[in-house]
Structure formats: C-alpha cells, structure tokens
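To start, the structure itself, in structure tokens.
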Amino acid sequence: MTKPPSFYYIIFCCLFFACSHQKTSISQTVILQEQDSTSIEKISISQTLKQNEHLPIEKRIALYYQLKKESPTQYNFKNEDELNMYGYSLLWSNRPEEALAIFKLIVAEFPHSSNAYDSLGEAYLALGNEELSLLNYEKSLELNPDNFNAEDQIERIKFPDKIPEKPADKFFKTYTVKEYREDLDQLAQKLIEIHPATFKFTPEEDFKALIEEKKAAITKTTTYGEFSWHCAEIIASVNCSHTSSGRFYPQREMLPPHLWFPIQVRWVNDHLYVVDPLNNKDKVALKDEITAINGIAVKDMIEDIYKHIPSQGHIETTKRIEFNSWAPVMIPYTLEFPEKYEITIKGKKNSIVLNKAEKMKILFFDPSIPYCGNNLCLEFLEEEKTAVLTVSSFNYYAWNALDEFEDFMDSSFALINSKGTKNLVIDLRFNGGGSPESSIYLLRYLSSKPFHYYGNADYPGAENKQQQIPFENAFKGNNYFIIDGLGNSTTGHFMSMVKELNLGITVGEELGSNHFCTAGQATCRLSNSKLMYYVANNSNSTSAKSLPDNRGIFPDYEVVQNIDDYLNKVDAVKDFTFQLIKKSNQ
C-alpha cells in the first residue's frame, strides 16, 4: 500500500518521485514544449496541474486529458504515485473537493489500483460521505487484502462507537508466543520481499540467524513494548535509513512517563555527558560524565542501542545523532524498563539514584547551532564577500512547493552574483533529504559543466538519463559545504555529485548517506501485534560511482561540536568554515 509519508517518515524522505525540472507555463492554452530528441525525461503532469491552480478543478482535469491526447509521450502519465501525492497536497490544504476530483481521475486512469480507491475513500470521508467512503475502501481491500488502512477505516465507519486502542494501552499488552513468532517470520518475509537490497550490508545468514535469535527470546510474558524493541533491531539490521519502525515515535508514545530516563544526556566523542539535569539538579550537575547506568557500562549500553537505530550502510554518525535526540526513550528500552535509574559519575565514589522523570523533551535539532528560521535562508557577510545559503530540506516536490524552492534559488543566486560574492557557504545540516528535482536544481547553479545526475533508478516513472545543463548565471566563486550525520537520502545524492564534480570544500562530519540510496516507502503492519513499520521499496544511485556504498560522504575537514561547544552554543563547524575562508583570502 502506497500512502503519503507520516511526519517522522518525511524527516528522512528520499526520492519518492523523479520528474522533470522544466518549468511549464500553461494557462488557458496548452503550450507544448520542445524537447531534445535524445532525452527520455518527461514533464511532470502533477507539477503542470499545480502550476495551473488558477483554473477551476474541472478545467485542470480537462487539461490533463487534453495533454494526454495531444502529447501522450511528453508527460509522465504513468506515475500514479506522484499524481496521488498531488491529490493529498490538496487534501492537506483543506481543499477536499479538489482532492476528490484528482482521486476520481486516478481511479479512472488506474482502475486496478488498490491505493487509488483507498485515496478516494479518504477524500469522501473528509467530505462526510461515509457511504461512498465505505464503498471505495471495500473496493480497495478487495484489490489488496493486505491493505490494513482500508480494513481499519471500514471498521471505524461500521463501528463508530468502538474506542480505538491507544499506544499507551499496548505497552504492557501480551500476545501468545505463537503470535509473536508468526509476526517475526512475517517481518522477515516482508523485508526480503519488499526491500530492493535486504542483504547488501548484512549477510543473509546473519539476518536469518537474528530472526531465530529473537524468536527464541520470546516468552509467555513478553510484552508488546519488549517485542517492539526486538523488531527495531531486526529492521535496523538491514542498514537502510529508509527502513524503520517510525524512528522512535511509537516507542515514545507508549512508554509510561515514569519509566523515561529522567535527565537529558549527550553522547560526544565516546563520552556521555549530562546536558540538562531537569528535576535532578540536586543530584547531578551540567557536564557530569556518566560512566554506567544500573551497573551497565555506558559504552556497552550505547553499543546495544546502536543495533536498534536504522542508518545507511555502516554509518554511525546518524546513530549518534539519533541517540542524542531520543536518549530518554532509548535508554529505558535497552535497560528493560527499570523502575529506578542508578548512575555512576566519573570522579565520584558513590552511585546516585535519580528522581523519577517529571517531564522530558526530544531534541530533534542541535540547540547549539543557530536556526535561521526557515528551511531555506540566505545571509551575507559583506566584509568577507561571503554568503551563507542554508538548505535544511530538499523536501520540495513537483506535487508540492517545488516552485517555491526554484524561485528561492533563482532570486538567491541573482542576488549572490549581483553582490560580487566570492565565497558561498552551503549549510546542509539537519537536511534529511527530499526530491531529486530540488537537488538537481541547486547543482545546476553550482556546476560549470553539464552532468548526469542518475546512474540508475529502478522505480516506476523514473526517467533519469537526461543531461543536466548548468544555468547561465551559475555561481563562479568558491563553494564550501557543511554536512552532518542527519544528511540522508537526497542529501547524499547531492553531496556525492558535489564530490564527483569537485564543486568545493566540505566541512563537518561523515554524512548520513551517499550516492547509493534505497528509497520510497511501503507501509506495513504485522498481522497479530499490529506493529507498523516502513520499508524502502526502490533504489536510486547517482552517477558518482567511485564512492563506497557502505559509508557516507566524508568531509575534507572533520569538525564535530564538542561538549563545551554544545553547552556554550558555539557553532564550531561554521566558525571553522569561516576561518578557512579567511585563510584563503590572505
């Protein structure tokens, strides 16, 4: 079942679609664009429809059929997923009538698609028409008996008074040993069946041995919370940043607050520091180093937690950042949910029993690094003739906001060139990926020569062999790229091309991804325990073939925020980059 990505999936979204980067200008009259006869890249039909939103939805639908009749090979009419996401962009924008029209179009164009009927059912439900919603969900389930979303919606419509089970209700719940083991077999089967490279980084015999190990660990008293931790390790063993159980949102939502680890900690350079004592200020101090928790050495605890965190290949920078975000949740799971936490502090003789948690926060971003206020920002340091371009997301798709990205880059580089800027710092930290269109568009402003972006892409609708031509006003100065372990999926593609084209100097830490990317998303659910998980269902590689598949893009200068930088809110990585620029100008 192909459904729109959930919030936590969008953070690591990658290459859902591959569409054209040509801007089509179509109003009441269709303007057909000439294309290079050697190109097989097609114009995005969803982007074309989006660019014509000044038209009533009926005329946009008519435009679709007009273009399909007059230019059947010029547009990507076979890309159901992209058109589906355009429909959802309308639904998310509180325009359900327009979304309904798009989903009706998809059903007409793809009459055997379970997902098309599922989406149509959702639109009818949003409009309050439960009768037609139910009919479409039933049709979706008929076409795909594994569509658990349709199954759930049918039950909600038929039994509106039934109270849905909350995550917290499941934490202590138990299933039979037989049910758990059946689910583990199903999990293994689906990972092998759906993922395009299940055994690329983990040998098949090791994967199957892990499944048997987890099946053997199941007992009559195994709770759902414990089972979810077993499943997280299996999913993480695939070593794919696009395959997960939803980061750790589900684990956080069901973990009772009194079991949370009660202080905020940070793992830096193989040391675990207190960065916020919270309600334990009378027991621990800022920057205290914890060496053991409940008698378990911190390094051993981290090693076990890392086994449960998905990342690409053998990249550990992502795992470290994820731990630093989710430590209050991960520590209870790895320690099997203790009722109390007793820590050992370096330099202190006696261990300390911590007060139970009263509140907690998840640190999704490093608070020591200033946030510019948006995903896309441009600022100038006039005395240095230096510009800083922040790109903390490539999440701009043909079906939603790609024009916003392109317009921002067009205006930014016009300004950069008009000011005679000599040095451009591109800050890619926190960038979890997004669309190839946005990545390619930015590269065309940085490269001085034509390039091919893709080496291969194996998902439907991928027209990927077109040569990319630099813009006439491409930046001609010095480029500096700042990267971190959160740089996933499309960010890896982007930086692999930066390396391949030798576009500038890179500062920071090993990127969380590279030229090789498993992408897309199949949303799955285990039959007995109902545990949900997400599996990459296609793969894409850039033309940068000289880089290793199992490691991220390495910086030219490795710089990591140490604990003092973090506590004093010093952006050491950006400061180092500015020093490099200053030295080059001397």
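Here, each number is a calculation from the coordinates, and none is a lab measurement. In this text, all values refer to a predicted model and were calculated from it rather than measured experimentally. As a convention, Cβ positions derive from the backbone with ideal geometry for all residues, glycine included, and neighbour counts pool all protein chains shown.
With a/c under 1.5 counting as rounded, go ahead and sort the range 271-373 into rounded, prolate or oblate using the C-alpha gyration tensor (a ≥ b ≥ c being the square roots of the eigenvalues; past the cut-off, prolate if a/b is larger than b/c, else oblate). It comes out oblate by the Cα gyration axes. Taking the DSSP beta bridges with both ends in the chain, the antiparallel portion is around 65 percent. Relative to a virtual label point 7 Å from the Cα of N355 in the Cα→beta-carbon direction, which members of the range 276-307 show backbone nitrogen distances below 20 Å? Within reach of a label on N355: 276-290, 294. Paramagnetic label reach from F576 (point 7 Å along Cα→Cβ; backbone nitrogen cut-off under 20 Å): within the range 548-567, residues 551-567. The range 383-438 and the range 74-103 have their alpha-carbon centroids 27 Å apart. Between K422 and H271, the simple label model (points 7 Å from Cα in the Cβ direction) yields a spacing of 3.9 nm. Close amide H pairs (under 5 Å, H built 1.01 Å from N) link I43 with Y75, N76, residues at least 5 positions away or on another chain. A full extension of the chain between H54 and L286 corresponds to an added length of 77.9 nm, given 0.36 nm per residue minus the alpha carbon distance.
The Cα center of the range 559-584 and the Cα center of the range 308-328 differ in position by 22 Å.
Dipole magnitude for the chain: computed about the Cα centre from +1 point charges on Lys and Arg Cβ and -1 point charges on Asp and Glu Cβ, it is near 760 debye.
In this simple spin-label model, placing a label point 7 Å from the Cα along the Cα-to-Cβ direction at both T223 and T73 gives a separation of 6.2 nm. Using 0.36 nm per residue and subtracting the Cα-Cα separation, the extra length available between A62 and K173 on full extension is 34.7 nm.
What stretch of the chain, leaving out the sites themselves, is the longest with no GluC sites (Glu not before Pro) in a DSSP loop having at most 13 other Cβ atoms within 10 Å? Mind showing how you got there, number by number?
Values: sites that count: E34, E53, E165, E336, E339, E358, E472.
Here the longest segment lacking exposed loop sites spans 166-335.
Only DSSP H runs of four or more residues enter the estimate; each adds -39500 (n - 2.57), and after division by the residues of the chain the mean residue ellipticity at 222 nm equals -12000 deg cm²/dmol. Sites listed here are trypsin sites (Lys or Arg not before Pro) in the range 108-165 whose DSSP assignment is loop and whose Cβ has at most 13 other Cβ atoms within 10 Å: K162.
Can you list the residues, at least 5 places off or on another chain, whose amide H is less than 5 Å from the amide H of D276, using H built in the peptide plane? Residues meeting the amide H criterion: Q264.
How big is the Rg/Rh ratio for the range 236-289, C-alpha atoms only, Rh by Kirkwood, two decimals? Present the calculation step by step, with values, prior to reporting the outcome.
On the way: Rg = 14.9 Å, Rh = 13.6 Å.
My calculation of the ratio gives 1.09.
In percent, how large is the relative contact order of the chain, given Cα pairs closer than 8 Å and 6 or more residues apart? It comes to 17 percent, rounded to a whole number. From the C-alpha coordinates alone, can you work out the Kirkwood hydrodynamic radius of the chain, in Å? One decimal place: 25.7 Å for the Kirkwood radius.
Is the C-alpha gyration tensor of the range 139-285 telling us rounded, prolate or oblate? Criteria: a/c under 1.5 is rounded; beyond that, a/b larger than b/c is prolate, otherwise oblate. Because a/c hits 1.5 or more and a/b fails to exceed b/c, the range 139-285 counts as oblate. By the gyration tensor of its Cα atoms, with a ≥ b ≥ c the square roots of the eigenvalues, what is the shape of the range 97-223: rounded for a/c under 1.5, prolate for a/b over b/c, or oblate? Note, shape of the range 97-223 comes out oblate. In this simple spin-label model, placing a label point 7 Å from the Cα along the Cα-to-Cβ direction at both I192 and A209 gives a separation of 1.7 nm.
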